[in-house]
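Engineer: Handing you a structure now.
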Amino acid sequence: MNLFGTDGIRGVANADLSWETAFRLGRAVGLYLSPGRDLCVGKDTRASGDMLEAALIAGITSTGRHVTRFGRVTTPGLSYLVRRLSFGGGIMISASHNPFEYNGLKVFGPDGRKIPDETEIFFSRLILEKSDDGPFPTGSGIGRVADGFSLSDHYVEFLANIPRQRFSGLKVLLDTANGSTSDIAPRVWRQVCKEVSVINDTPDGCNINKECGSTHPEKLRRLVKEGGFDVGFAYDGDGDRCIAVDEKGQILDGDHIMAILAIWMKDAGTLKGDTVVGTVMANIGLELCLKEHGIKFVRTPVGDRYVLEEMDRGGYSLGGEQSGHVIFRDILPAGDGIITSLILADVLTSSGSRLSELRSIVPKVPQVMVNVRVSQPRAIMERERMLQAIETAQNQIGTGGRVLVRASGTEPVIRVMVESFDHAKVTRCIQYLEEVIREEEGSCVRARLTESSSG
């Protein structure tokens with residue numbers, strides 16, 4: 001069994017995700033990831049981060065490895081610092097865009113990339129089987145902990161040097177989601193732009209992503225329009241996502257952003273292979289837009305790691321997800337919301353256009369997504385009736401649309417997405433699939449109870 005979902009080990013802290021899991025992951029990383037080299041740990045602003053950080057560090061140092069604590073940092077910031085400072089790897093404590101009671105553990109190798117599937121499975125087995133036979137050094141052999149809170153200055157400097165120009169005529173509003181970007185993003189932006197305002201930048205351990213950030217941009221939309229801002233940027237809890245809001249208060253998701261950037265990069269000759277990599281969740285409108293501009297679009301499973309793997313295979317320079325993960329592979333091997341916002345601002349300033357004009361190039365096909373909360377999403381998705389239901393729904397939608405149903409890799413839900421200009425068909429398909437999922441959930445529960453009683 002692999003404890004790692006699409007973005008690390010994740011769950012409700014101190015329930016699904018326990019201190020023991022963190023400790024044992026620390027042991028596994030300390031024993032097997034880049035032996036002989038120091039490791040690092042970072043976290044977002046969740047209250048549970050302190051507990052998990054302590055457990056991770058205890059596990060790592062118990063193997064004799066030394067650890068540097070970054071404290072509050074973004075996930076892409078940790079990725080950058082691992083490479084920049086030659087660490088053997090690092091662990092980021094964050095549940096990204098999820099509510100504050102959740103937390104997660106993301107492991108990065110010495111190259112600043114998330115560890116591969118086979119390493120995740122190996123670490124999962126060590127954690128689940130509790131098969132750690134040591135060694136357990138004593139005395140001077142025990143690892144030490146160093147505080148590296150100021151090391152994020154390297155990351156801030158790196159980000160501030162990314163734009164090709166200073167944004168003297170731009171009025172910008174940032175929503176830092178009470179998360180990891182709360183300190184870092186304003187420090188960067190105020191070096192490159194005179195008029196920068198910030199909201200949701202007072203984390204208290206419990207308000208991360210709460211009615212703010214990239215998953216809740218309602219307040220940002222209103223304030224951008226009311227305040228006469230040229231653009232608003234919303235990050236998520238750990239800073240690897242970014243969505244934008246134009247001067248009219250309209251949202252630009254990852255699909256809009258990738259289209260704008262791809263066309264700009266192609267014109268500049270920096271879009272390698274004239275190709276963009278996205279996921280199965282990307283809107284058909286993005287694909288049509290890119291095709292009109294002579295740009296190929298390649299789809300992968302959901303997850304920025306799979307996007308990056310495909311980019312590596314093809315040598316491509318731009319990829320991302322509709323959620324706002326955008327990867328510039330030639331800059332950093334991870335999605336970085338601040339980088340995305342800086343480069344989009346660069347395009348906006350260079351073009352002389354309003355952001356609403358750039359947004360209009362993507363002819364979005366209406367897309368509806370619902371999350372159905374279940375106890376065993378992966379088990380339900382493997383059931384024969386579920387597979388038949390998906391096929392039936394796709395036949396109902398026809399060739400002019402798409403149906404995508406998948407188990408979330410970060411939450412106990414099944415995500416149902418239907419894409420079509422026919423609203424009536426979309427509604428019928430969503431209702432039908434929700435009904436089948438709930439019936440199969442009941443069937444799974446009954447089967448589990450039968451197995452329990454017979455045992």
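The values are calculated or read from the model by the stated rules, or taken from the named source; none is laboratory data. If you're wondering where the values come from, they're calculated on a predicted model, not measured in any experiment. Cβ sites come from the backbone with ideal geometry, for glycine too, and all protein chains shown count toward neighbours.
Engineer: Return only the number of the condition from (1) surrounded by fewer than 16 Cβ atoms within 10 Å (Cβ to Cβ); (2) at pLDDT 95 or above; (3) under 29 Å from Val172 (Cα atoms) that Asp312 does not satisfy.
Structural biologist: (3)
Engineer: Just checking, does the range 64-72 include any residue being polar (S, T, N, Q) and out of contact with any Leu (no Cβ under 7 Å at 6 or more places or on another chain)?
Structural biologist: Residues of the range 64-72 polar (S, T, N, Q): 68.
Subsequent filtering for residues that are out of contact with any Leu (no Cβ under 7 Å at 6 or more places or on another chain) retains 68.
For the range 64-72, residues polar (S, T, N, Q) and out of contact with any Leu (no Cβ under 7 Å at 6 or more places or on another chain): present.
Engineer: Quick check on my filter: what residues within the range 419-445 are under 21 Å from Met281 (Cα atoms) and either touching a Ser or Thr at 6+ places or on another chain (Cβ under 7 Å) or crowded, with 21+ Cβ neighbours inside 10 Å (or both)?
Structural biologist: Correct list: Glu419, Ser420, Val426, Cys429, Leu433, Ile437.
Engineer: Have a look at Ile390, Ile414, Ile331, Ile361 and point out the one that is in a helix (DSSP H, G or I) and not hydroxyl-bearing (Ser, Thr, Tyr).
Structural biologist: Details: Ile414 fails: in a helix (DSSP H, G or I); Ile331 fails: in a helix (DSSP H, G or I); Ile361 fails: in a helix (DSSP H, G or I).
Of the residues listed, the single one that is in a helix (DSSP H, G or I) and not hydroxyl-bearing (Ser, Thr, Tyr) is Ile390.
Engineer: Please return the ranges of strands (runs of 3 or more DSSP E) entirely within the range 213-286 where 3 or more residues are within 20 Å of Leu342 (Cβ to Cβ). So that I can check it myself, show each step before the final result.
Structural biologist: Details: elements: 231-235, 242-245, 275-279.
In the range 213-286, the matching strands (runs of 3 or more DSSP E) lie at 231-235, 242-245.
Engineer: From the set of residues in the range 120-160 that are among the β-branched types (Val, Ile, Thr) and either touching a strand residue (DSSP E or B) at 6+ places or on another chain (Cβ under 8 Å) or in a loop (DSSP other than H, G, I, E, B) (or both), which is surrounded by the fewest Cβ atoms within 10 Å (Cβ to Cβ)?
Structural biologist: Out of the qualifying residues, it is Thr138.
Engineer: Quick test for you: out of Ser375, Ser350, pick the one residue that is surrounded by fewer than 21 Cβ atoms within 10 Å (Cβ to Cβ), in contact (Cβ under 8 Å) with a residue 60 or more places away in the chain and under 26 Å from Ala185 (Cβ atoms).
Structural biologist: Ser350
Engineer: Against the definition (touching an Asp or Glu at 6+ places or on another chain (Cβ under 8 Å) and closer than 16 Å to Asp7 by Cα), how does Ser317 come out, yes or no?
Structural biologist: Values: touching an Asp or Glu at 6+ places or on another chain (Cβ under 8 Å): yes; closer than 16 Å to Asp7 by Cα: no.
No.
Engineer: Got at least one residue in the range 100-111 being assigned by TED's automatic domain parsing to the domain that holds Gly64, over 30 Å from Glu218 (Cα atoms) and either more than 23 Å from the chain's Cα centre (by Cα) or charged (D, E, K, R) (or both)? Give the derivation first.
Structural biologist: Pass one, the range 100-111, residues assigned by TED's automatic domain parsing to the domain that holds Gly64: 100-111.
From the residues that got through so far, the ones that are over 30 Å from Glu218 (Cα atoms) too are 107-111.
Okay, now just the ones that are also either more than 23 Å from the chain's Cα centre (by Cα) or charged (D, E, K, R) (or both), so 111.
Yes: one or more hits.
Engineer: Which one of the conditions (1) more than 28 Å from Tyr306 (Cα to Cα); (2) not in a loop (DSSP other than H, G, I, E, B) does Gly104 fail to meet, given that it meets all the rest?
Structural biologist: (1)
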